[in-house]
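Quick notes on the structure that follows.
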Amino acid sequence: MTYLTPAELAAIAQALGPTSLGTAPRPATEADVEAIVALTNLAYEDSNWFKQPAFHQRTNPGEIRASLTENTADEIRVVVDWPSPSASIPEPAAGCATSAVGASGRPLACAMSVHRDAFTRQPTLSQLAVHPLLHRRGLAKYMVECAARVGGVAVTRDDPKVPRALLLEVINLQPHLLEIYGKFGFSENGRVRTWDEFGVPTSMFTQPCHLSDREPNDTPVPTTPTAEAEYITSADLSAAISQAGGACSLGTFPRAADPADVAAIVAVTNLAYEDAHWFKVPAIHDRADAAEVSAALANVRDELRIVVDWPALPDLPQPEPGSKTAVLGARGLPLAAALSVHRDAVTGQPTLSQLAVHPLLHRRGLAGYLVEVAVGVARAAASRNPQTKRALLIEVVNIQAHLAGIYEKRGFVRTGATRTWPELGIAPELITKDSHFILLERPL
């Protein structure tokens, strides 16, 4: 079992989007060893606290190679490649150590390790290195957020007693780093570690020093403090995507919806449910509206909206230009699918609703895949709310009995309970047909 799979890192990269350089993080390989060593030692070249020059370098090929081949159950090395030559981005000087190319044939812009701490077992960020030519481009902050999400995925597989916080060690001789990581949401936890604990005697040092432990006050994601605790975190979604098998059948990954997706979510949802006209008032015919979706995106304490972007594949049908579902989302593409996972107002348990797949993309396994993603995020949400029932709830109107059968094939069972329209605040006289909701659950 690896600490983090390539699919999990790909899902995290998809959720974060590209770096400011336009490139994305990837797992390091043995072909990156020389480039990682060169970049890491350059980034830490002013850290000469050791009396022996042999210790001046922060890392070496043997250490990096071992982490990539022998310690994969406890560590992942993540790198970002230098982008293609560009007038706006300087290149490492030819012949210098950091012009060494990695597995992609380009030098490395960033590198870091996320590993299981030997003492606390919690995810730990170390050896974060950004090439000096690329400072002040937001790369360090991006890598910290990536590390937090990596840690968030990895810790969900660990013993529940493992602290759900990303750990970082900073030497006390570098107070400016304490300040920088403080801006990224870290704070001192009061613990210090001495070099003796790492097998390095204090006699080797030019001056007394120790390491300070720092970690966010809450779970690894997000790293920056938020006003409200999220019902479902980015790490939850990344882990659920991995559990569902990685990318969907279109080759794309689900992501958390953004306010810029509102119009596209409304369009695809209302198209998917356009045959559900049980209301006498035309204004209620639409299944979703912009105000409802915007409110859902703001309600992070109780809901997560998930979307799948339309992939740029030449053999895939495209929405007709000018049609409602040609509306573009936050990534500049129409949406292939959308759904909501929220806290039920009555039972408090996680609930799947408004699962919508564009009709042009039916029979591609998207609905079944997204149900599995919903199960994954619901499981994570339920684990943090032990007082709620550990089952994913769904409501299906009895007029659409075929939908109940479809969900039963996905592991849902009928609870025997029903809900009426008045319970949802809709007067019976507005309904064209006598109907009610059937409740189904899938154990988590």
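The values are calculated or read from the model by the stated rules, or taken from the named source; none is laboratory data. What you are looking at is a predicted structure, and each value in this text was computed from that prediction instead of being measured. Please note: Cβ atoms are built from the backbone with ideal geometry, for glycine as well, and neighbour counts cover all protein chains shown. We work out accessible area using only protein heavy atoms, side chains counted, and drop any ligands, DNA or RNA first. Shrake-Rupley method; radii C 1.70, N 1.55, O 1.52, S 1.80 Å.
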(request) Sort His358, His402, His342 from largest to smallest accessible area, using a 1.4 Å probe on the heavy atoms of the protein chains. (result) His402, His342, His358
(request) Multiply the residue gap between Glu188 and Asp258 by 0.36 nm, knock off their C-alpha separation, and tell me the result in nm, one decimal place. (result) 22.0 nm
(message) Full-extension gain between Thr415 and Arg384, please, as 0.36 nm times their residue separation minus the C-alpha to C-alpha distance.
(response) 8.8 nm
(request) Calculate the dipole size of the stretch 370-424 relative to its Cα centre from +1 charges on Lys and Arg beta carbons and -1 charges on Asp and Glu beta carbons; express the result in debye to the nearest 20. (result) 220 debye
(request) Can you tell me how much longer the chain between Ser86 and Asp302 gets when fully stretched, taken as 0.36 nm per residue apart minus their C-alpha distance, in nm with one decimal? (result) 73.4 nm
(request) In whole Hz, with x marking every Gly and Pro, tabulate ³J(HN,Hα) for the stretch 130-147 from phi via Karplus 6.51 cos²θ - 1.76 cosθ + 1.60, θ = phi - 60°. (result) 10, 4, x, 5, 10, 5, 6, 10, x, 6, 4, 4, 4, 5, 5, 5, 4, 4
(request) Enumerate the amide H contacts of Ser249 below 5 Å, restricted to partners 5 or more residues apart or on another chain; note that Pro and chain-start residues carry no placed amide H. (result) none
(message) If amide hydrogens are placed 1.01 Å from N in the peptide plane, which non-local residues have theirs closer than 5 Å to the one on Thr415?
(response) Leu439, Leu440, Glu441
(request) Express in whole angstrom the spacing between the alpha-carbon centres of the stretch 327-356 and the stretch 244-267. (result) 9 Å
(request) Could you please put Ser126, Ser67, Ser249 in sequence from largest to smallest accessible area, using a 1.4 Å probe? (result) Ser249, Ser126, Ser67
(request) Tell me the label-point distance for the pair Glu34, Glu423, using the 7 Å Cα-to-Cβ offset, in nm and rounded to one decimal. (result) 6.8 nm
(message) Between Arg364 and Ala94, how high is the FRET efficiency from 1/(1 + (r/R0)^6) when r is the Cβ-Cβ distance and R₀ = 35 Å? Nearest 0.05.
(response) 0.15
